[in-house]
Amino acid sequence: VHGVPPSLSAKVVGSFAYLTVRDRLPTILTKVIDTIHRNKNKFFEEYGEEGIQAEKQTIGLLSKMRNELQTDKPVLELTDSLQDTECWNQYLQRQQKMHGDEDSVSWFKSPWLYVECYMYRRVHEALWLNPPISDYDVFNEGKTQSFFESQQAMITLCTYLEGVNKNMEELSKNELHEHFNKLLQVSLWGNKCDLSISAGQDNSQKTSPIDSLNSLQPFILVNDSNMVWSTLLSAQRPGQSEKTAAVRVDIVLDNSGFELFTDLVLADFLVSSHLANEVHFHGKSIPWFVSDVTANDFQWTIRQTTAANHKWMSKTGVQWKSHLKEGAWSYHDHPFWTTPHEFCDMEADAPDLYATLQGADLVLFKGDLNYRKLTGDREWDHAVGFDTALRGFGPAPLCSLRTLKANVQVGLQPGQGEKLGSQDPDWMTSSKYAVIQFSSSKCE
Ligand code: F6P
Ligand code: MG
């Protein structure tokens, strides 16, 4: 039996968690405040005086929160009454009980994963309490901008996809495998493009996503893609009725913009090659970690792709629309994804979602935050097995596609983490390194 290490926390002065809470989160909040202020006229045009009032009050609430954060005040209960409010407040009460004192559940002293999720939930609360603008997505501008800035790379991908789809019937198994590996890696590196690590800057893809794969190869610290491939192959059930034979891949999405595009390209390939018959996408139900995908972003991205001013890109978009229409693709969200809970709690806290994922033949978890939740965002030894860190979470065979942006990494060779740390002190947070890490969900 393995002991469970402590959570990463900003209480460790100098740690990445500490720097995030001290510097990055207030920067993100300041940008949120600026964005709302910049849109004052728009709110006035839409809602008149009420819009102006809402702008003022929302900014007031957000500045107050920024101050609570910066002065390490206790974490407060939520005051809205949404579906998940009770759940957040109960979580806080449990923590307070555990520590026996309200003040110790503060911004710097609590688990990093918890306070960071809580900040985004409080942003949502501040807007929600001001009805005319409660649906306003403060991160929308950044997300759409990052989409447009990556256009050239998207065109490259669509052109590649067109080439693959055109010859699909003639491809040998090896060729199919090779395309799969490439598109899996494109989706992996797509995770470099998130807006929260850079506090909203420098997040688009400028170089060719296919040509750069070779030179990126040495930075993949764990590459279990062969196991992902064999999982897909062994899920094929020829000779059975269409319904029971359907192979389903679920993708737990991370960021909008270029990363989402790479996920859609991969999903298109899976369906067009018949490696999968269905792809279920899972997104967030509120704006989250700056760039995460919401239902709106998902629909918008597909609409933009159909409307692109490039032959293969717009053709790809039309194809994606028909995947959705015909049910080969579907989009889902669930409030669990925007709680601070580790995934090992999913079975108890969101049994319906757990049961849903059990219906998949393979679940791909995109990005850093999902990795933190898979491993509980804890101070694991780097050589501990991925299965150990999952602590029993395993609704289906799963794979994390993640570039490293936080101080948690398991499943390395003994000594590998230490060696990397001595060569490159930022190896865990720079998103220069990545993992394709698989678990078959068979308990150890
Ligand atoms: O700031 C916390 C964090 O989880 C980082 O680890 C990472 O920079 C970012 O937020 C989210 O990254 P991703 O979009 O890959 O989940
Ligand atoms: Mg993200």
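The values are calculated or read from the model by the stated rules, or taken from the named source; none is laboratory data. What you see is a predicted model; the values in this text were computed from it and never measured. FYI the Cβ positions are ideal-geometry reconstructions off the backbone, even for glycines, and counts take in every protein chain you see. For accessibility, only protein heavy atoms count, side chains too; no ligands or nucleic acids. Shrake-Rupley method; radii C 1.70, N 1.55, O 1.52, S 1.80 Å.
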message: For the range 313-328, check the following and say yes or no: at least one residue is farther than 19 Å from D263 by Cβ, modelled with pLDDT of 95 or more and of a type in the set (F, W, Y).
response: no
query: What helices (runs of 4 or more DSSP H) lie completely within the range 1-95 and have 1 or more residues being more than 27 Å from the chain's Cα centre (by Cα) and more than 15 Å from S106 (Cβ to Cβ)?
result: 25-38, 40-47, 49-70
message: What pairs come out if I take residues in the range 218-242 that are at negative phi and pair them with residues that are of a type in the set (S, T, Y) and modelled with pLDDT under 95 whose C-beta lies under 8 Å away, six or more apart or interchain?
response: R237/T244
- request: Output the residues belonging to the range 252-262 that are more than 10 Å from ligand 2 (Cβ to nearest atom) and either surrounded by fewer than 24 Cβ atoms within 10 Å (Cβ to Cβ) or within 10 Å of the chain's Cα centre (by Cα) (or both).
  value: V252, L260
query: Do we find that L62 is within 16 Å of ligand 2 (Cβ to nearest atom) and touching a residue at least 60 places away in the same chain (Cβ under 8 Å) in this structure?
result: no
message: So, in the range 353-365, exactly how many residues are out of contact with any strand residue (DSSP E or B) (no Cβ under 7 Å at 6 or more places or on another chain) and either open to solvent by less than 10 Å² (accessible area, probe 1.4 Å) or within 16 Å of ligand 1 (Cβ to nearest atom) (or both)?
response: 1
query: With E175, E162 as the choices, which residue is away from ligand 1 (no atom under 16 Å from the Cβ), part of a helix (DSSP H, G or I), modelled with pLDDT of 95 or more and open to solvent by 40 Å² or more (accessible area, probe 1.4 Å)?
result: E175
message: For S230, only one of the following conditions fails: (1) open to solvent by less than 10 Å² (accessible area, probe 1.4 Å); (2) under 23 Å from A396 (Cβ atoms); (3) more than 16 Å from ligand 2 (Cβ to nearest atom). What is its number?
response: (1)
query: If you take the residues of the range 118-158 that are small (G, A, S) and not in a helix (DSSP H, G or I), which of them is farthest from I36 (Cα to Cα)?
result: S150
- line: Those residues of the range 52-107 which are within 16 Å of P131 (Cβ to Cβ) and in contact with a Pro (Cβ under 8 Å, 6 or more places away or on another chain) amount to A54
message: Looking only at the range 317-374, filter to residues that are acidic (D, E) and under 17 Å from H280 (Cα atoms); which one of those is farthest from ligand 2 (Cβ to nearest atom)?
response: E326
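Listed here are the residues, each with its yes/no results for (1) touching a strand residue (DSSP E or B) at 6+ places or on another chain (Cβ under 8 Å); (2) at pLDDT 95 or above; (3) open to solvent by 70 Å² or more (accessible area, probe 1.4 Å); (4) of a type in the set (D, E, K, R).
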{"position": "F16", "(1), (2), (3), (4)": "no, yes, no, no"}
{"position": "L19", "(1), (2), (3), (4)": "no, yes, no, no"}
{"position": "R24", "(1), (2), (3), (4)": "no, yes, no, yes"}
{"position": "I33", "(1), (2), (3), (4)": "no, yes, no, no"}
{"position": "K42", "(1), (2), (3), (4)": "no, yes, yes, yes"}
{"position": "E45", "(1), (2), (3), (4)": "no, yes, yes, yes"}
{"position": "I52", "(1), (2), (3), (4)": "no, yes, no, no"}
Candidate set: the range 279-299, residues that are over 18 Å from L157 (Cβ atoms) and hydrophobic (A, V, I, L, M, F, W, C); chosen: the one farthest from ligand 2 (Cβ to nearest atom): A295
- request: Working only within the range 75-85, note down all residues that are farther than 14 Å from H124 by Cα and touching a residue at least 24 places away in the same chain (Cβ under 8 Å).
  value: V75
message: Given the criteria open to solvent by 40 Å² or more (accessible area, probe 1.4 Å) and either touching a residue at least 40 places away in the same chain (Cβ under 8 Å) or in a helix (DSSP H, G or I) (or both), does E169 qualify?
response: yes
- prompt: Any idea which residue in the range 366-393 is surrounded by the fewest Cβ atoms within 10 Å (Cβ to Cβ), counting only those that are near ligand 1 (Cβ under 9 Å from one of its atoms) and under 12 Å from the mean Cα position of the chain (by Cα)?
  reply: N370
message: Take the residues in the range 401-438 that are outside any strand (DSSP E or B) and among the small types (G, A, S); name whichever of them is nearest to ligand 1 (Cβ to nearest atom).
response: A406
query: Given the structure, is E347 more than 16 Å from ligand 1 (Cβ to nearest atom), open to solvent by 20 Å² or more (accessible area, probe 1.4 Å) and either within 14 Å of the chain's Cα centre (by Cα) or modelled with pLDDT of 95 or more (or both)?
result: yes
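So that you can scan it fast, the table gives a plain yes or no per residue for (1) within 16 Å of ligand 1 (Cβ to nearest atom); (2) β-branched (V, I, T); (3) in contact (Cβ under 8 Å) with a residue 12 or more places away in the chain:
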| site | (1), (2), (3) |
| --- | --- |
| K73 | no, no, yes |
| C87 | no, no, yes |
| Q96 | no, no, no |
| G100 | no, no, no |
| D103 | no, no, yes |
| S106 | no, no, yes |
| W112 | yes, no, yes |
| E116 | yes, no, yes |
